[in-house]
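The values are calculated or read from the model by the stated rules, or taken from the named source; none is laboratory data. All values reported here derive from a predicted model rather than from experimental measurement. Cβ: placed from backbone, ideal geometry, glycine included. Neighbour counts: every protein chain shown. Just the protein is used for accessible areas: all its heavy atoms, side chains included, with ligands, DNA and RNA removed. Shrake-Rupley method; radii C 1.70, N 1.55, O 1.52, S 1.80 Å.
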Amino acid sequence: MEPYRIKVVEPIPFTTRQQRQEALKRVNYNLFDLRAEEVTIDLLTDSGTGALSAAQQAAGMAGDESYSGSRSFYRFHETVTELTGYAHILPAHQGRAAERILFSSLLEPGQISLANTHFDTTRANVELAGCEARDLPSPESRDLDSTQPFKGNIDLEVLRATLTGPDASRVAVVVMTLTNNGGGGQPVSMENLKQTAALCRQYGVPLFLDAARFAENAWLVTRHEDAYRDHAPRQVAEEAFRLADGCMMSAKKDGIVHIGGFVGVNDPELAQKCELLLIATEGFATYGGLAGRDLDMMAQGLNEVLEPSYLQERADIAGYLAKRVRAAGVDIIEPPGMHALYLNAGRLLPHIPPHNYPGHALSCQLYLEGGIRSAELGSLYLGKEDEDGNPVASAPYELVRLALPRRVYTRSHYDHIGDTLEKIAKDTHSVYGFRIVDQSPILRHFRAKLEPVPIAR
């Protein structure tokens with residue numbers, strides 16, 4: 001059962017199917033543009049959507065709002081330094097700000113960032129720096145049905161080949177995303193992280209963690225990696241941070257806060273560059289665009305997230321939803337992770353071709369039938385078309401991510417999701433495809449306008 005009791009509640013909205021149909025049309029079928037009061041179950045993201053604990057609320061009330069050198073900063077700094085071991089800690093208002101600060105300071109145009117998988121804003125910030133974001137996912141990740149436990153690993157053979165190949169001089173950084181969000185929420189093993197760190201040291205390339213879900217990765221390591229079964233999640237997390245040269249983190253995930261993040265580095269020269277950019281664009285180095293109360297709540301959340309009882313329940317609730325989804329006749333990326341389930345929309349809707357975005361079609365149908373908001377991770381997110389709208393490249397898989405907010409929904413809410421998917425799975429022929437009518441040059445899935453198109457069967 002949940003290792004907490006509910007102290008504050010918020011009503012959720014219930015709408016009719018007609019209201020949802022009208023809402024979809026009004027927002028040009030982009031779920032990001034829905035009003036929150038039009039959504040019954042919101043699984044768009046687990047970022048900044050968790051419920052704060054009483055201890056976090058109390059810490060926030062004690063926040064020191066001094067512009068420079070606040071008590072809140074020093075509590076935050078002590079907590080993060082103790083956890084990560086990095087010499088320089090810089091707060092930022094969220095993960096993408098941390099990414100921008102780090103990559104703008106670390107990268108030069110024409111260089112390459114390697115990763116197990118870059119997620120959307122990470123890739124965008126690499127590209128905005130004039131660089132190439134190149135993914136090296138593990139071979140096991142290609143089998144969506146495999147239950148191999150560490151499908152989030154980086155491909156060590158390809159990594160070595162890249163670090164010794166013709167592009168070696170252009171490689172500026174290796175990023176390890178824990179857990180691998182773009183790869184189905186799958187964890188990275190400590191053995192894979194150790195070997196990656198050794199390769200990076202051998203070839204003189206810095207290794208950085210995208211640590212947004214470091215605690216969930218640590219928990220899964222203690223469950224599935226024999227050498228760490230007797231370790232506490234905190235021990236695993238501390239070791240992981242110390243294998244890298246630094247990290248960037250959105251604390252809106254495993255900090256369990258509504259806003260916040262940080263950059264951690266060991267290199268003093270890089271730290272100075274990051275700090276100057278932080279001061280110019282985010283705020284002074286001891287608040288980084290955050291209120292003192294946010295720093296205090298983040299410090300408390302970073303401790304709470306490593307409690308085994310919290311992580312156990314987080315894994316259990318994801319497993320519960322996975323059973324309901326499978327029972328509905330919908331396949332997911334196996335094994336289920338902790339922060340999200342990834343529905344195999346391409347398999348469920350084979351009549352919709354990639355250039356008509358089956359993942360987005362399933363997301364829209366989930367909202368239409370059940371008021372459930374989710375996120376597409378398929379060809380709308382990764383695909384490309386020419387000027388005439390003809391497909392040039394499609395995503396390797398057509399997925400829908402159901403991201404699970406922390407300490408927010410109960411099992412009866414997840415039962416509703418299972419019931420809705422079961423209804424869709426029994427009537428897939430009624431699900432339409434889509435086409436883009438307007439899009440932005442980067443991160444198009446956030447702002448794209450679409451319209452439905454009938455699919456011939």
Practice task
With a probe of 1.4 Å, find how much accessible area the chain has per residue, and write the answer as a whole number in Å².
Solution key: 41
Exercise for the section: Rounded, prolate or oblate: pick one for region 96-212, where a ≥ b ≥ c are the square roots of the eigenvalues of its C-alpha gyration tensor, a/c under 1.5 means rounded, and failing that, prolate if a/b is larger than b/c, else oblate. Expected result: oblate
Fill in the blank from the handout: The value for region 287-377 (convex hull of the alpha-carbon atoms, volume per residue, Å³) is 155
Completion exercise
Percent antiparallel among DSSP beta bridges confined to the chain, nearest 5, equals 60
Exercise for the section: Multiply the residue separation of ILE442 and GLN148 by 0.36 nm, subtract the distance between their alpha-carbon atoms, and state the gained length in nm to one decimal. Expected result: 102.5 nm
Fill in the blank from the handout: In terms of the alpha carbon gyration tensor, root eigenvalues a ≥ b ≥ c, rounded if a/c is under 1.5 and otherwise prolate when a/b exceeds b/c or oblate, region 8-153 is oblate
Practice task
Could you let me know the centre-to-centre spacing of region 28-62 and region 236-257, using Cα atoms, in angstrom?
Solution key: 22
Fill in the blank from the handout: With the chain reduced to its Cα atoms and the Debye formula applied, log10 I(q)/I(0) at q = 0.11 1/Å amounts to -0.88
Handout entry: Carbon + sulfur, % of accessible area of the chain - ligands and nucleic acids excluded, 1.4 Å
Key = 50
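I'd like the antiparallel share, as a percent to the nearest 5, of DSSP beta bridges with both residues in region 52-180.
Antiparallel bridges: around 10 percent, rounded to the nearest 5.
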Exercise for the section: Determine which residues of region 368-383 fall in the zone a paramagnetic label at GLU22 would reach in this model, i.e. backbone nitrogen under 19 Å from the point 7 Å along Cα→Cβ. Expected result: 368-372
Exercise for the section: For region 187-331, state what percent of all Cα-Cα pairs lands in each successive 10 Å bin, counting from 0 Å until the bin that includes the largest distance. Expected result: 10, 32, 33, 19, 5, 0
Handout entry: Dipole of the chain, positive end: most advanced residue of LEU106, THR286, GLY346 [Cβ charges, Cα centre]
Key = GLY346
Problem - Which of ARG96, ARG234 is most accessible, then next, and so on - probe 1.4 Å - result: ARG96, ARG234
Handout entry: 222 nm mean residue ellipticity, helices alone, for the chain (DSSP H n ≥ 4; -39,500 (n - 2.57); rounded to 500)
Key = -12500 deg cm²/dmol
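How big is the Kirkwood radius of region 186-272, worked out from every pair of different alpha carbons and given in Å to one decimal?
Evaluated over region 186-272, this radius sits at 13.7 Å.
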Exercise for the section: Over 32 Å between C-alpha atoms is what I'm after, so list which of LYS253/LYS273; LYS7/LYS426; LYS252/LYS449; LYS151/LYS253 land there. Expected result: LYS7/LYS426
Problem - Projected label distance in nm at ASP33 and GLU269, using a 7 Å step from Cα toward the beta-carbon - result: 4.7
Handout entry: Cα centroid separation - region 305-367 against region 413-439, whole Å
Key = 12
Completion exercise
Beyond 21 Å, the calculated P(r) of region 1-74 holds a percent of Cα-Cα pairs equal to 53
Exercise for the section: May I ask you to list the lysines whose Cα is less than 23 Å away from that of LYS423, ignoring any residue fewer than eight positions away on the same chain? Expected result: LYS25, LYS323
Practice task
Starting from the Kirkwood radius over alpha-carbon pairs of region 301-437, derive D by Stokes-Einstein at 25 °C in a medium of 0.890 mPa s and give it in µm² s⁻¹.
Solution key: 156
